[in-house]
Structures are given as structure tokens and as C-alpha cells.
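Heads up, the thing below is written out as C-alpha cells.
The values are calculated or read from the model by the stated rules, or taken from the named source; none is laboratory data. Keep in mind that this is a model prediction, so the values were computed, not measured. Cβ placement follows ideal geometry from the backbone for every residue including glycine, while neighbour counts extend to all protein chains displayed.
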Amino acid sequence: MKMKQYIIGMLAAMAVSGVKAQDYSWDHLPVVSEPVFRLDTFSIVRYGAVQDPVRLNTEAINTAIAECSKKGGGVVLVPAGYWLTGPLVLHSGVNLHIDRAAILQFTADFSQYPLLEGNWEGHPAARCQSPISGTDLENIAITGGGIIDANGDAWRMLARDRVPEGEWNKKVAAGGVLSGDGKTWYPSEKSLRGARTKDAGVLKPGVSLSSFEDIKDFLRPNLLVLTRCKKVLLEGASFQNSPAWCLHTLLCEDLTLRDVHVRNPWYAANGDGVDLESCRNVLLENSTFDAGDDGICIKSGRDAEGRKRGKPTENVIIRNDIVYRAHGGFVVGSEMSGGARNIFVSDCSFIGTDIGLRFKTVRGRGGVVEKIFVRNISMRNIVHQAVFLDMYYFARAPAPGEPAAAVPPVTEETPSFRNIHISNIVCDGAEEGIFVRGLPEMRIRDIYMEDMVLRADKGMEVSEGENIYLKDIKLITKAGTEEVNKKL
């Protein structure tokens with residue numbers, strides 16, 4: 001079946017079921033506006049920046065950014081060379097351009113990163129200031145082919161069994177502290193104390209930032225955080241070695257990420273590649289991710305906070321991207337309480353990810369994930385499932401034959417996965433081809449899968465699903481080859 005005919009057929013099926021058709025299709029994708037900048041160039045050297053592996057250029061670079069914005073905007077140039085700095089704050093109208101031969105290196109001195117009110121995994125939280133940040137801005141960019149390194153190895157805890165013995169010994173010899181059992185390294189006592197603190201960093205009424213000072217080093221920053229920004233461009237640069245998530249955009253609109261390169265070590269705790277949270281009108285293309293956690297991730301807030309915000313991530317185009325080792329190639333959730341819709345993913349490659357297409361949620365989240373369209377995905381050496389939709393994330397599902405527990409009523413806390421379209425998928429190697437697991441009170445429904453060839457140890461597992469349409473699915477497993485054409 002041709003793709004256009006397939007989409008028309010799906011629209012018809014949705015109309016019959018009483019579901020309102022989406023506003024977009026493969027023939028009518030969302031439109032994303034890009035920023036425009038003046039040609040004036042402000043070199044950081046003019047403001048006192050020097051190449052030095054010890055001397056910080058924080059003041060010089062921030063001054064150049066502020067002056068550029070004040071004078072109507074333009075390009076702030078980080079020329080070829082090695083530039084050590086503390087946190088940088090973007091301003092409207094500024095294109096921070098990192099020369100191809102430049103390394104923008106962020107310091108490992110934790111004292112340079114003060115505690116601020118931020119957001120972590122969908123909750124207001126105290127966090128150390130991000131290496132690069134911007135709030136309530138318009139027309140901003142980070143461009144150029146240079147390297148932006150956030151010195152994440154200095155911040156992250158490290159489990160002994162995650163690295164070779166020689167690397168572990170080198171880390172321990174350099175300083176820091178060990179957990180009581182000697183199996184985990186922490187950069188400081190504050191970091192270890194934070195790991196032992198319940199809800200570390202969560203901001204609650206009446207709690208001041210100063211009260212988190214004793215666990216400050218545990219509150220690792222994301223490399224880049226942009227909040228409520230409009231017309232944003234990230235193009236060409238390499239973002240690497242983040243203390244936590246690498247690229248985090250929150251409540252942004254008209255966001256373009258093109259030819260971006262994200263590199264976090266595979267063992268990096270919370271080392272997501274990019275997290276698009278409650279953003280609208282997004283284009284992510286021609287980019288490469290190698291992450292310690294999820295690669296390309298869609299979020300929209302967590303539980304009651306996310307529902308109160310009520311801002312879905314919507315109108316998103318993701319195409320021509322590569323994801324290497326990561327927990328998931330393309331991921332929705334688990335913090336999706338504000339919903340996600342009108343998302344188009346195409347022509348991507350996932351190599352060595354734990355899961356290929358990963359949709360995850362759990363009771364308590366609420367939120368609706370719908371109108372997700374995925375096509376032309378190639379996968380190789382997937383550790384677990386090629387296609388995975390699960391509503392028991394971090395929760396225990398009933399075991400086969402176990403007496404049924406009382407089914408809770410459907411409330412605003414009940415999440416929903418529906419109207420998801422996946423076609424033309426090839427996977428060479430996985431533990432399992434397809435896994436779908438809904439809730440008894442809210443089944444995963446109206447899922448359309450077509451034209452797949454999946455080579456995996458085992459084929460398919462579906463429970464608590466409704467209107468799962470499978471057409472031309474070829475499962476090549478240890479038990480043999482199966483052609484699947486049916487509705488579940």
C-alpha cells in the first residue's frame with residue numbers, strides 16, 4: 001500500500017471510530033519559523049577573552065552576548081581556540097557562533113554554578129545553573145561546527161561495574177568519595193548526600209534554595225536549558241559530556257535543531273540527548289545522538305504539575321536523524337502528563353539502542369499521547385524491543401495467572417496512548433519485535449502498524465490493547481518466520 005493511501009485509510013478508520021482527524025498529515029506538515037539575525041559580529045576576544053586552560057572567560061563572553069543584544073543583535077563569535085568558561089546566559093537577537101576549530105570548555109569548578117530555580121523531570125526543582133541557558137527570549141541561536149563540552153565527568157556519579165577496572169581506579173585516585181559498599185563513586189560528600197536524599201532538589205512551598213546547599217553537587221545541571229523562548233536555532237555544533245540531560249527545551253516555540261551532534265558517554269546517568277518538553281512547532285533534522293539515556297525524547301511535565309501546566313509537545317517533525325547507543329531511539333514519556341500530539345518521525349536510523357521506538361507511561365501521569373506518525377525507520381542490534389508501548393513504566397504489572405486486582409476508575413491521572421501510526425520499519429536484531437501493554441482501565445488503542453520486517457529472538461506480545469491493526473508484519477524469530485495480518 002502506498003503511504004498516501006495508507007494515511008487516507010487511517011483517517012477513514014479514525015472517522016468511523018468517532019476520533020477527530022489530525023490537523024496535519026505527511027502531505028501537510030507543521031511549519032516552523034526560524035530566527036533571522038543582523039550581520040554585525042562581536043568577537044569575544046574584543047571583550048577580553050583569552051585562550052588559557054586555567055583562566056575563566058565567563059565575564060568576557062557574557063559581556064559580548066549582552067552587548068550584542070543591546071545593540072540590536074548579531075553574531076557573537078567564539079573563534080578558533082580553547083576557551084574555558086563558567087555559565088553563559090543567552091540574550092535575544094544573538095547567534096552564538098562556535099568556530100569549527102573552537103572548543104568552548106565549561107569549568108569543573110562547581111562553585112561557578114549557583115543554585116537556581118529550575119525544572120527537573122517535570123517538577124519545579126533546585127538545580128545548579130546550566131552551562132548555557134536562556135529564558136523568555138526571541139531570535140536566538142547556537143551555530144558553527146565547534147565543540148561545547150560541559151565537563152560532565154566531574155559531576156556524574158559512576159558505578160564500578162560500568163567501566164573497566166583501570167578507568168575505575170583512575171577515577172577513585174583523582175578524588176571524590178565512595179558509597180558505603182564501595183560500588184559507586186561520587187564527586188563529593190554533597191553529591192553522595194544528595195543521592196541518599198528523598199526528592200532531592202524538589203521545590204515545595206516555603207522551601208528556599210539555600211536549604212539545598214548541603215546537596216548542591218548532586219543537583220547536576222543540563223548542558224543547555226531554554227525556557228519559554230521563541231524562534232530558536234541550534235545548528236552545526238557538537239554538544240557533549242553533559243552532567244545530566246544534554247539539550248532541554250521547555251515551553252519553547254518555533255524551534256529548529258539541524259545538523260546537531262550530541263555525545264554523552266553510554267554510562268552517563270540521566271544523559272539524555274535531547275528533551276523537547278511542552279514545545280510547539282519543532283523541526284529536528286540531520287542530527288546525530290549518542291546518549292547515556294534516551295536519545296530523542298518527547299516530554300510535557302510530570303503528574304499533577306504537568307496536567308496543571310497543560311501544554312503538550314505538539315507539531316513536531318523529526319527526520320533524517322541517527323541515534324547510537326541510548327535507552328531509546330525515539331521516545332515519548334514517561335513525563336508526558338501535558339500530552340503529545342501531531343508528531344512526525346521519518347527516515348531515522350537507530351543502532352545499538354536499548355529500545356527502538358519507546359512509548360512509556362504509568363498510572364498517575366494522566367495526559368494523552370495521540371496522532372503520532374512514524375515511518376521509514378532502520379534499526380540494528382536493538383537490545384530489547386524494536387517497538388515498545390508500555391503503561392507500566394517503573395510499576396509492577398500483574399503476572400500471568402495472577403488474580404486480578406481491583407481496577408481503578410478512570411480519572412485525570414489515567415494516561416492514554418491512542419492513534420499511533422507506525423510503518424515501513426526494518427530491524428535486524430532485537431530481543432523482541434513488538435511489545436504493547438496497556439492498562440485494564442485504559443487500553444492502548446487505535447494503533448496502526450504496517451510494512452515491518454523484524455528479526456528478533458521472539459516476535460510479539462500484546463496485552464490490554466484494542467484496535468491494534470497489523471498489516472504486512474514479518475517476524476523472523478528463533479521459532480521461525482511469521483507473517484502477521486490481523487486486528488487485535
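Summary table
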read-out	value
Sole residue being touching a His at 6+ places or on another chain (Cβ under 7 Å) and of a type in the set (Asp, Glu), chosen from ASP294, ASP321, ASP303, ASP290	ASP294
Verdict on GLU59 being at pLDDT 95 or above, more than 23 Å from ARG228 (Cα to Cα), part of a helix (DSSP H, G or I) and of a type outside the set (A, V, I, L, M)	yes
Residue within the stretch 404-423 that is part of a strand (DSSP E or B), in the same structural domain as ASP446 (by TED's automatic domain parsing), under 17 Å from PHE350 (Cα atoms) and modelled with pLDDT of 95 or more present	yes
Scope the stretch 433-480; condition without any contact (Cβ under 8 Å) to a residue 24 or more places away in the chain, assigned to a loop (DSSP other than H, G, I, E, B) and closer than 21 Å to VAL369 by Cβ; matching residues	ARG443
Subset tally (residues that are within 22 Å of CYS128 (Cα to Cα) and of a type in the set (Gly, Ala, Ser)) for the stretch 167-207	9
Residue within the stretch 286-299 that is of a type outside the set (S, T, N, Q) and under 20 Å from ILE140 (Cβ atoms) present	no
Meets criteria (buried (at least 21 other Cβ atoms within 10 Å of the Cβ), in a loop (DSSP other than H, G, I, E, B) and either in the same structural domain as PHE350 (by TED's automatic domain parsing) or under 30 Å from the mean Cα position of the chain (by Cα) (or both)) for ALA395	no
Test: residue in the stretch 315-325 that is at negative phi, β-branched (Val, Ile, Thr) and not assigned by TED's automatic domain parsing to the domain that holds VAL368	no
Qualifying positions in the stretch 173-187 - outside any strand (DSSP E or B) and either assigned by TED's automatic domain parsing to the domain that holds SER130 or in contact with a strand residue (DSSP E or B) (Cβ under 6 Å, 6 or more places away or on another chain) (or both)	GLY176
The stretch 353-364 residues that are in the same structural domain as GLU441 (by TED's automatic domain parsing) and farther than 20 Å from GLY429 by Cα, paired with ones that are among the aromatic types (Phe, Trp, Tyr) and in a loop (DSSP other than H, G, I, E, B) (beta carbon under 8 Å, 6 or more apart)	LYS360/TYR393; THR361/TYR393; VAL362/TYR392; VAL362/TYR393; VAL362/PHE394
Any pair with Cβ under 9 angstrom, 6 or more apart, that starts in the stretch 365-387 at a residue that is within 15 Å of ASP321 (Cα to Cα) and assigned by TED's automatic domain parsing to the domain that holds GLU335 and ends at one that is part of a loop (DSSP other than H, G, I, E, B) and not polar (S, T, N, Q)	ARG375/TRP26; MET379/GLY429; MET379/ALA430; ARG380/GLY352; ARG380/GLY429
Pair list, Cβ under 6 Å, 6 or more apart: the stretch 29-40 residue assigned to a loop (DSSP other than H, G, I, E, B), other residue of a type in the set (Val, Ile, Thr)	LEU29/ILE317; VAL32/THR256; GLU34/THR256
All positions within the stretch 202-221 that are in a helix (DSSP H, G or I) and among the basic types (Lys, Arg)	LYS216
Matching residues in the stretch 235-254 - criterion: being closer than 15 Å to ALA150 by Cβ and crowded, with 23+ Cβ neighbours inside 10 Å	ALA237, PHE239, ASN241, SER242, PRO243, ALA244, TRP245, CYS246, LEU247, HIS248
Every pair of residues 6+ apart whose Cβ atoms lie under 7 Å, when the first sits in the stretch 188-212 and is in the same structural domain as GLY176 (by TED's automatic domain parsing) and free of Cβ contacts under 8 Å to residues at least 40 places away in the same chain while the second is surrounded by 14 or more Cβ atoms within 10 Å (Cβ to Cβ) and β-branched (Val, Ile, Thr)	GLU189/VAL177; LYS190/ILE215; LEU192/VAL177; ARG193/ILE215; GLY194/ILE215; THR197/ILE215; ALA200/ILE215
Unmet criterion (only one of (1) part of a strand (DSSP E or B); (2) farther than 30 Å from GLY306 by Cα; (3) in contact (Cβ under 8 Å) with a residue 12 or more places away in the chain) for GLU483	(3)
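Results for (1) in the same structural domain as TRP245 (by TED's automatic domain parsing); (2) under 21 Å from GLY48 (Cβ atoms), shown as yes or no for each residue.
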| site | (1), (2) |
| --- | --- |
| SER69 | yes, yes |
| GLY72 | yes, no |
| TRP83 | yes, yes |
| SER92 | yes, no |
| GLN105 | yes, yes |
| LEU116 | yes, no |
| CYS128 | yes, no |
| PRO164 | no, no |
| TRP168 | no, no |
